[in-house]
Amino acid sequence: SILENIDTFNPLWMMSNSGARAKKTHICQIAGVRGLMIDPFGRLIEDLPVKSNFQEGLNVLEYFVSTHGARKGLADVALRTADAGYLTRRLVDVAQDVIIREQDCGTEEGILVTHMYETEFYCPHCGMEDNYRLGQCQECGKPLPDNIDKHIMEGLGERIAGRTAADNVVDPETGEVLAPAGEMISREDAEAIEVAGVRAVRIFSPMTCELKQGVCAKCYGHDLAYHRPVDVGTAVGIIAAQSIGEPGTQLTMRTFHTGGIAAVYLTGVAEVKRKKQEALQSLHEDIDRGLISLEATGGERERTKAIQDMLKVLETPVSGLLRVVELFEARKPKGQAITASVDGVVAAVETKGLRRLIIHARHPIEDHKAIRGERLAEDIVRGKVKKVVAQAGEKLTEKVLKRLRTAGVKEVVIEKSHLVPHRGALYVREGQHVRAGDRLTAGPLDPQRVLQLKGVRGVQEYLIREIQAVYRVQGVSINDKHIEVIVRQMLRKRKISDHGDTDFLEGQVVDRFEFEDENARVMELSGQLASAEWILLGITEASLATESFLSAASFQRTTRVLAEAAVAGKKDPLLGLKENVIIGRLIPAGSGMPSHRDRDIAYSEQALAALELLAPREAAAHVGPTPAELFREAEAALQAQLPSALTLGAVLEGGDDDDEDLDDEEAALAAEALGDEEETEAAEEE
């Protein structure tokens, strides 16, 4: 109401709407009331609310109550700005060799982009997760709920603006092509696509770019600084790292901006540690007697549930900058959700004692690796007399599988049991269809588990959505392509599971492009191809696993990196920025790109023609041959003596790197020609 009743040129209104980390809560502190404050431990001081505001002024008691939050905010800034700086350094190190090296890599593969929602959604009709890509459930075909658009975190138009379309984007009603394949999608086109009701667009992405070094301009899209296609030579890796790291400093300083007012979100280490200590203290206060003291009443089930609720705080998931670091380092999160390990139907939820969730999954009997050791969910009956071939609950050993094959059984239903703690609500119900990787309880997911169950595209989507969610809560907007550049670097390695006829060893970790090249070589020889699993590395591990040992050694664990490089006899290809800076070479970005440097400089035909036109006017001031004739004579004489086709213009500009060793005669000839040209220029000026 304050902002509604003041002029738009009022300083308060302008500050709150500037976007410079200003929020309406700050205006409330100036003109309303400050409210409840927190003590040095982060607990609410409930009996002393600050009723004054900054305009009226605080009394002595209110001032001293406020100092707790002010001190905590300043200490937080001083201590944890270093964390944001360290994150930026790691991001720069992992992406410093990602440079735009070509216009088009030639890939046809892209990623399907939709509205980004705050979390996964479940179809209210069939229970399947995340099926609203095209406006309806892919499982049962029913339309999405009306209220789902309230939970959009980042709209489709915002996500595809400045990207290259991989397919024609067509209006679903008129059939008009809104954006042709291979063309950049402008901001106006993106708005038109969203207004037309298009739910999904396939675009090119740095994550699917097939360049072995760096990325191509087509997959990257617009340069966000100039709103035009990105130039070859742009260091997009450094830009991505700083675009993610700099707002990380703002996540750090959130406590400072609110000034110690009790907030909703857990933003840092101190808060989580304090909660842990309180929980541990209450759990172990009777440690001398060997008892755990809990105020739990009722029967066994109620007491078990109370204990689980107390233990829940020990696994409080972190947020803010710590959550961003946790995701980029691909760590196992605290308080992670229980996920389904197979595709199937929820058969039962047992609540006696330990809570257990049972999923029935159908598997073909040929898939013996997946079902060996599992238990049957139902009796298998065959023959006219209905003979039981295998009973429910029986373990599928090799002997049982052989018996089933003999009886002509094609598929079996196995029973998969998941222990679900009492803390945290269940996301599923009996009879609901689930897919491998779907959440069964609340909480964050382990990225390694997501990769295992949902594949590369699944973990890419998860990382982008979760990182965006942290920044969006703080009101910070980061373009998806910056996160995509970092995620590309995290997924560069493959682990060999079957070497086939290649030169790899089983268990060896290799670069994904090296793996593809070796398989292509073996395919030409009609050999057996190798197979490999994807590996998700955290940004620190990915930095140390780079091809350049100079870059890795200048980052962390220098002794280990150099020792391993020496033992392996490694060669540094000098493709990134850091390694070239270290040895004093020009960096391979911008005008330092090889395509800019590998050029001979000479006079063009137009320049020679211009000199011919000036010749009559110069004849009055200069007796003798014209400058153009002098130039041609000197160049002809020089060409006769030089072994390679080096032009005089190139000599005058410093020559080619490969032909620097001119002998004395050649140097003298070049100097003479240069002297004649300088005399001519002096005559022209006179």
Within segment 316-336, residues out of contact with any helix residue (DSSP H, G or I) (no Cβ under 7 Å at 6 or more places or on another chain), surrounded by 17 or more Cβ atoms within 10 Å (Cβ to Cβ) and modelled with pLDDT of 80 or more come out as Glu326
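Taking the residues in segment 47-83 that are part of a helix (DSSP H, G or I) and β-branched (Val, Ile, Thr) as candidates, determine which candidate is nearest to the chain's Cα centre (by Cα).
From segment 47-83, those part of a helix (DSSP H, G or I) are 60-83; that's our starting set.
Now drop any that are not β-branched (Val, Ile, Thr), which leaves 60, 65, 67, 77, 81.
Numbers: Val60: 49, Val65: 42, Thr67: 39, Val77: 26, Thr81: 22 Å.
Here the answer is Thr81.
Would a scan of segment 431-447 turn up a residue that is among the hydrophobic types (A, V, I, L, M, F, W, C), out of contact with any Leu (no Cβ under 8 Å at 6 or more places or on another chain) and at pLDDT 90 or above?
no
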Residues (part of a strand (DSSP E or B) and either closer than 25 Å to Ile359 by Cβ or in contact with a Cys (Cβ under 8 Å, 6 or more places away or on another chain) (or both)) located in segment 383-407
Val388, Val389, Ala390, Lys395
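Matching residues to (1) buried (at least 19 other Cβ atoms within 10 Å of the Cβ); (2) modelled with pLDDT under 75; (3) within 38 Å of the chain's Cα centre (by Cα):
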residue: Arg372; (1), (2), (3): no, yes, yes
residue: Gly383; (1), (2), (3): no, yes, no
residue: Leu401; (1), (2), (3): no, no, no
residue: Leu419; (1), (2), (3): no, no, yes
residue: Val428; (1), (2), (3): yes, no, yes
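Condition check ((1) more than 21 Å from Glu461 (Cβ to Cβ); (2) touching a Gly at 6+ places or on another chain (Cβ under 7 Å); (3) among the charged types (D, E, K, R)) across all residues:
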| position | (1), (2), (3) |
| --- | --- |
| Met207 | no, no, no |
| Leu211 | yes, no, no |
| Val215 | no, no, no |
| Lys218 | yes, no, yes |
| His227 | yes, no, no |
| Ala240 | no, no, no |
| Ser243 | no, no, no |
| Leu251 | yes, yes, no |
Quick one: which residue in Ala634, Ala621, Ala615 is surrounded by 14 or more Cβ atoms within 10 Å (Cβ to Cβ), at pLDDT below 70 and touching a helix residue (DSSP H, G or I) at 6+ places or on another chain (Cβ under 6 Å)?
Ala634
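Can we say Val487 is under 24 Å from Ile111 (Cα atoms) and either in a helix (DSSP H, G or I) or not assigned by TED's automatic domain parsing to the domain that holds Thr208 (or both)?
yes
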Looking only at segment 209-223, decide whether some residue is surrounded by fewer than 19 Cβ atoms within 10 Å (Cβ to Cβ) and of a type in the set (A, V, I, L, M).
no
Cβ pairs under 7 Å, 6+ apart or interchain, first in segment 38-52 and over 16 Å from Arg71 (Cβ atoms) and assigned by TED's automatic domain parsing to the domain that holds Glu62, second surrounded by 12 or more Cβ atoms within 10 Å (Cβ to Cβ) and small (Gly, Ala, Ser), ordered by first then second residue, are Leu44/Ala262; Pro49/Gly35
For Thr107, the lone unmet condition from (1) surrounded by fewer than 20 Cβ atoms within 10 Å (Cβ to Cβ); (2) part of a helix (DSSP H, G or I) is (2)
Just to be sure I understand the filter: pairs with C-beta atoms under 7 Å, separated by 6 or more residues or on different chains, first member in segment 564-592 and farther than 17 Å from Ile100 by Cα, second member part of a helix (DSSP H, G or I). Which pairs pass?
Ala565/Phe549; Lys570/Phe549; Asp572/Phe549; Asp572/Leu550; Asp572/Glu579; Glu579/Leu550; Glu579/Ser551; Ile582/Leu550
Taking segment 24-57 and keeping residues touching a helix residue (DSSP H, G or I) at 6+ places or on another chain (Cβ under 7 Å) and farther than 21 Å from Glu4 by Cα leaves Met37, Ile38, Asp39, Pro40, Phe41, Gly42, Ile45, Leu48, Val50, Ser52
When Ser595 is run through (1) at pLDDT 90 or above; (2) under 25 Å from Val215 (Cβ atoms); (3) among the hydroxyl-bearing types (Ser, Thr, Tyr), the failure sits at (1)
Among the residues of segment 582-593, is any part of a helix (DSSP H, G or I) and of a type in the set (D, E, K, R)?
no
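Restricting the search to segment 469-484, which residues are aliphatic (A, V, I, L, M) and assigned to a helix (DSSP H, G or I)? Spell out how you get there, then give the answer.
Taking segment 469-484 as the starting set, the residues that turn out to be aliphatic (A, V, I, L, M) are 469-470, 473, 476, 478, 483.
If the condition is that a residue be aliphatic (A, V, I, L, M) and assigned to a helix (DSSP H, G or I), then Ala469, Val470, Val473, Ile483 are the ones that fit.
Being in a helix (DSSP H, G or I), charged (D, E, K, R) and either touching a residue at least 40 places away in the same chain (Cβ under 8 Å) or touching a strand residue (DSSP E or B) at 6+ places or on another chain (Cβ under 6 Å) (or both) narrows it down to one residue among Glu466, Glu415, Glu430, Glu506; which is it?
Glu466
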Among the residues of segment 514-554, count how many are out of contact with any Pro (no Cβ under 9 Å at 6 or more places or on another chain), of a type in the set (D, E, K, R) and within 27 Å of Ala566 (Cα to Cα).
5
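The values are calculated or read from the model by the stated rules, or taken from the named source; none is laboratory data. Everything numeric here is computed off the predicted structure, so don't read it as measured data. Methodologically, a virtual Cβ is constructed for each residue, glycine included, from the backbone with ideal geometry; neighbour enumeration extends over all protein chains shown.
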